[in-house]
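Written out below as structure tokens is the structure these notes cover.
The values are calculated or read from the model by the stated rules, or taken from the named source; none is laboratory data. Because the structure is predicted, anything quoted here is derived from the model rather than measured. No Cβ is skipped: glycine too gets one built from the backbone with ideal geometry, and neighbour counts run over all protein chains shown. Ligands, DNA and RNA are excluded from the accessible area calculation, which covers all protein heavy atoms including side chains. Shrake-Rupley method; radii C 1.70, N 1.55, O 1.52, S 1.80 Å.
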Amino acid sequence: MSYSQAWHAREFDLGLMMGTPEESFSKLPIYFHNLKKHNPGTVAYIKTDSEDRFEYCFFAIGCAIRAFRECCRKVIIMDGAHLKGKYKGTILHAVSMDGNNQILPIGYGICPKETTDSWTWFLEKLHECIGDVEGLTMVTDRAAAIAVSIQNVFPNAQHGLCGFHLIGNIVPTFGKNKKTAILFWKLKWFYKRRMAAEKSTTILTKWAEDMVKKNKEGIQGWPVSGVDNTTYQVHDFKSGGIVNLREKTCSCRYWQLTGLPCGHVIMVLTHLKNDHCGHMAIDAYKIETYRRTYEQVVYPLSELSD
């Protein structure tokens, strides 16, 4: 048997077991219909060309939209990745980070390739999901098409550049295998994170608690002097820090940038005989917010129906 014959036999068998790409495209409208039917608040669109052929699609699960709007820091990370298969194409994704520093998918799109038109269409649908968000920051790679599209659709958002691709955070943690893909598409992580949040007894999420614990290291012996009732100067034997508890600021800017108390803030609280640092973090990192992030259920679709 030649290589070509073996390849065509393989493709034929895969078509019998999993269906053909053409059949999958034809089922996409009914799939999106059921996705919206079983998951309230879900947004899904399909765009076709002048000959009614598939061009773009977009979907965002309702409870993920709510979780971002109500529970997460207003930072969205976006990127595109090449698809394999007969028709190739590119998947566009927008994600955020929850209070435990885990990835929260918001929206996904499929397009032929990354262009200004495809990113603009994707961002217009994303804007429909989240609206105008105060203090929104978008983190992307250096693709010029993304920058132009952000300026067109989210003109008031800050745009930052990321030094690592998103997949670099996913693959080392979960592994690049079939089991990982199955768990991802069934959205089992929503359930697991909800169960973990319900069992937690801390003020902050585990990741945030660990970060605060790390910030406590090496601060013993830092002198603290009062400026007024809410302002204190901390001497850390380097540049030091001026902490304003009313304004929730520190001159080192760690508190403002991360939303977690820095060593200067923790030292001030220790000076005031207050060992509870959790209440000084922003709400996005508190366990109550983390519970609300995953309180809604993502319902999987067992099979397509009208």
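Structural remarks
- Applying the condition of being in contact with a Lys or Arg (Cβ under 7 Å, 6 or more places away or on another chain) and crowded, with 20+ Cβ neighbours inside 10 Å to segment 282-306 and asking which residue is farthest from Lys199 (Cα to Cα) yields Ala284.
- Residue that is at pLDDT below 50 and out of contact with any Cys (no Cβ under 8 Å at 6 or more places or on another chain), where the choices are Ile150, Ile167: Ile167
- So Gln256, is it open to solvent by 30 Å² or more (accessible area, probe 1.4 Å) and under 24 Å from Ala67 (Cα atoms): yes
- Count - residues of segment 1-15 that are open to solvent by less than 60 Å² (accessible area, probe 1.4 Å) and in a helix (DSSP H, G or I): 4
- Considering segment 176-192, and only residues there that are surrounded by 11 or more Cβ atoms within 10 Å (Cβ to Cβ) and either aliphatic (A, V, I, L, M) or within 18 Å of Met267 (Cβ to Cβ) (or both), the residue that is modelled with the lowest pLDDT turns out to be Leu183.
- Look at (1) in contact (Cβ under 8 Å) with a residue 24 or more places away in the chain; (2) touching a strand residue (DSSP E or B) at 6+ places or on another chain (Cβ under 9 Å) and you find that Ile91 fails only one, number (1).
- Residue within segment 16-26 that is of a type in the set (A, V, I, L, M, F, W, C) and buried (at least 18 other Cβ atoms within 10 Å of the Cβ) present: no
- Failed item in (1) closer than 30 Å to Ala64 by Cα; (2) modelled with pLDDT of 95 or more; (3) assigned to a helix (DSSP H, G or I), with Arg291 passing the rest: (2)
- Residue match in segment 261-281 (condition: buried (at least 17 other Cβ atoms within 10 Å of the Cβ), of a type in the set (S, T, N, Q) and not in a loop (DSSP other than H, G, I, E, B)): no
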